[in-house]
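One structure is given below, encoded as structure tokens.
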Amino acid sequence: GASYQLLLLGAGSSGKSTICKQIRLMYGRGLDRGLLQSFTSLIRGRVVESMQTLLQESVDRSDSKDSKFAVQPENTAVAEAMLELKIEEDSQGLTEKVARDIKQLWEDPGIQTTYERRSEFNIPE
């Protein structure tokens with residue numbers, strides 16, 4: 001069959017890589033193990049990064065004397081540790097403890113209230 005080259009131009013995070021991957025899935029040889037592992041690492045990192053963004057927005061908004069955005073006192077230590085967490089791109093990063101902490105923080109009313117306002121800030125996708 002014919003072979004074509006395609007040049008995709010666009011700003012960062014505009015979906016260029018996603019289009020290439022979709023084309024590979026639909027018309028090509030699928031995704032190899034290495035690519036799947038890189039997706040896993042990327043997703044794990046984005047989960048942590050998204051929670052860190054929510055926590056920082058929660059802190060910023062609760063500083064303005066609006067306590068509905070504040071993390072509950074029993075979650076403060078977990079929130080502080082999460083904000084300090086560094087995830088290396090090539091590591092497993094999302095340990096069982098980190099996953100439990102994210103679940104605990106996600107269930108916090110202040111985080112839920114902050115998430116409801118997500119259109120006002122950028123959460124990584």
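Within the chain, count lysine pairs with alpha carbon atoms under 27 angstrom apart where the residues are 8 or more positions apart or belong to different chains.
So the count works out to 6.
Taking the Cα centre of segment 9-67 as the origin, how large is its charge dipole in debye, to the nearest 20, when only Lys and Arg (+1) and Asp and Glu (-1) carry charge on their Cβ atoms?
500
Taking the dipole about the Cα centre of the chain, with the C-beta of Lys and Arg at +1 and of Asp and Glu at -1, give me whichever of Ile43, Tyr115, Ser3 is farthest to the positive side.
So the residue we want is Ser3.
If you roll a 1.4 Å probe over segment 1-46 with all protein chains in place, what percent of the accessible area is carbon or sulfur?
Exposed carbon and sulfur together represent 57 percent of the surface.
Considering the values [x] 64, 30, 19; [y] 62, 25, 21; [z] 126, 38, 17, which represents Cα extents along the principal axes in Å as calculated for the structure under consideration?
Computing Cα extents along the principal axes in Å and matching it to [x] 64, 30, 19; [y] 62, 25, 21; [z] 126, 38, 17 gives [x].
The values are calculated or read from the model by the stated rules, or taken from the named source; none is laboratory data. If you're wondering where the values come from, they're calculated on a predicted model, not measured in any experiment. Cβ atoms come from the backbone with ideal geometry, glycine included; neighbour counts cover every protein chain shown. In case anyone asks, the SASA skips ligands and DNA or RNA and just uses the protein heavy atoms, side chains included. Shrake-Rupley method; radii C 1.70, N 1.55, O 1.52, S 1.80 Å.
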